[in-house]
Structure formats: structure tokens, C-alpha cells
Amino acid sequence: MNKKKVLAISGSTKRSSINRSLIEAIINLSAERLDISVYEGIANLPQFNPDNDGDDVASEVADFRQQLNNADGVIICTPEYAHGVPGSLKNAIDWTVSSSEFSHKPTLLITASTEGKWAHKALLETLRVIEAENIDKLHLLIQFAKTKISPEGKINDEITLTEVKRLIAALIQTIEDRAADQI
């Protein structure tokens, strides 16, 4: 069985973030079916400017777009900052609007934060607008995330673990369905 290639993006630029720990947990839970690479350049993307979004974009933007193009699917794990989407994540997504890397790309969104509902709602809407595949079924809000995910990358809340496993299976199914539709 070929493993599906997935690009994981943390909306937090903090190395020891709970969202990075959640990505590690997902990598461990899906190791048999998914080959997940973590995008490390979110903090290095230049500020989005439509005037600079042409054929000759910054190398960091071109690399990000290429990593998205090479992936069968995307996982986004993000906190909420001041009731909003982290600026670095929104900036990264903005760089894909005109080039359409998310269009019909199976995408899983998990907002793991203290509250999270405002950023989660905003990101869902953004991902719908840019046509992320199956986003209405591939999302989860984990509130009070620090009580449910360890810094070592273990989900220690059974309900959250069950939901994350369900979402991993749904992402894999969406990727497989998408691949079958392209044959």
C-alpha cells in the first residue's frame, strides 16, 4: 500500500507549541498510512502583497506552493490568537489564493487552543472559499487543548483521541476518493 503524502502546517510559529505536539501525535497515529512532512517555513514567508504575486514570487513562496502541490492532502493545526487566526497562517494561505493550491486539496483543520471557536469559524470560511476538499467534514475544535495533548505529542483525552483518529481515517478516505475521481 502506498502511503499518501500529507503536508502538515502548524499555525503557531512557536517550536514547543501544543499544535506542533498535536502534529507529532497525528504523525504517530497515522504512520502506517500517511507520510507526513511538516512545513517549517511559515515564519519565513514574506508578507502577502498582490503586487508581488506573479510568475516570479519569492523563493519561500514558490517552495511553499510546491510542497502543497506535491502533497495528496494537508493538515492544519492552529491555535487562536486574540480571537483570530494567527497572522502567519493567514499570510501563508493568502499566498495560495491566486495559485489555487488548496483548490480540491483534501484538507483537515484542527484548531487546538484555549477557546478557539472564533479562529476555527474564520478558517473554515477561508478554506471553503479557496475550495479545500471536504473541509466541512474534516475539521475539529479542541478547546482547552493543553489539558488534552501532552508536550511530548500524546493525546491523553480519550474523546479527543477518538475524534482525531476518526478525522485521520476521513482524510485518508477523502484523499483516496479524490485520486479515484482523477483516474
Quiz prompt | Per residue solvent-accessible surface (Å²) - the chain, probe of 1.4 Å | solution = 51 Å²
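How much of the accessible area of the chain, in percent, comes from carbon and sulfur atoms when a 1.4 Å probe is used?
On the way: 4450 of 9340 Å².
Of all accessible area on the chain, carbon and sulfur atoms account for 48 percent.
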Quiz item: ILE76's amide H: which non-local residues (gap 5+, or another chain) put their own amide H closer than 5 Å, with H modeled 1.01 Å from N in plane and none for Pro or chain starts?
Solution: ILE9, LEU108, LEU109, ILE110
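Please give the length that would be gained between SER37 and ALA180 if that part of the chain were fully extended, namely 0.36 nm times their separation in residues minus their C-alpha to C-alpha distance (nm, one decimal). Before the final figure, lay out the partial values.
Details: separation 143, 0.36 × 143 = 51.48 nm, distance 2.32 nm.
That works out to 49.2 nm of additional length.
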Quiz prompt | Cα-based reach from LYS90 at 18 Å (exclusive), listing lysines while leaving out same-chain residues under 8 positions away | solution = LYS14, LYS105, LYS117, LYS121
Practice problem: In nm, give the distance between the simple-model label positions of TRP118 and SER16, each being 7 Å from the Cα along the Cα-to-Cβ direction. | Solution: 2.7 nm
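May I ask you to order 48-56, 31-39, 12-20 by the average number of other C-beta atoms within 10 Å around their residues, highest value first? Before the final figure, lay out each step's value.
Numbers: 48-56: 10.0, 31-39: 15.6, 12-20: 17.1.
Those peptides, ordered most packed to least, come out 12-20, 31-39, 48-56.
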Practice problem: May I ask you to compute the full-extension gain from VAL97 to PHE48, defined as 0.36 nm times their residue separation minus their alpha-carbon distance, rounded to one decimal in nm? | Solution: 16.6 nm
Self-check item: Karplus-derived HN-Hα couplings along region 107-120 (A = 6.51, B = -1.76, C = 1.60, θ = phi - 60°), whole Hz, x at Gly and Pro
Solution: 9, 10, 10, 10, 9, 10, 7, 5, 9, x, 5, 6, 5, 4
Exercise. Name the residues whose placed amide hydrogens come within less than 5 Å of the amide hydrogen of GLU133, ignoring near sequence neighbours (fewer than 5 apart) on the same chain.
Key: HIS104, LYS105, THR107
Quiz item: Is the shape of the chain best called rounded, prolate or oblate, per the rule: a/c under 1.5 gives rounded, else a/b larger than b/c gives prolate, else oblate, with a ≥ b ≥ c the square roots of the Cα gyration tensor eigenvalues?
Solution: oblate
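Compute the relative contact order of region 1-146 as a whole-number percentage, counting only Cα pairs closer than 8 Å that sit 6 or more residues apart in sequence.
On the way: 251 pairs, mean separation 37.4, N = 146.
It comes to 26 percent, rounded to a whole number.
Find the relative contact order for region 1-50 and round it to a whole percent, using C-alpha pairs within less than 8 Å whose residues are 6+ positions apart.
Numbers: 42 pairs, mean separation 25.1, N = 50.
Here the relative contact order equals 50 percent.
The values are calculated or read from the model by the stated rules, or taken from the named source; none is laboratory data. Model, not experiment: these values are computed from the prediction. Every residue, glycine as well, gets a Cβ built from its backbone with ideal geometry; the counts of neighbours run over all protein chains shown. Protein only, heavy atoms only, side chains kept; ligands, DNA and RNA dropped before computing areas. Shrake-Rupley method; radii C 1.70, N 1.55, O 1.52, S 1.80 Å.
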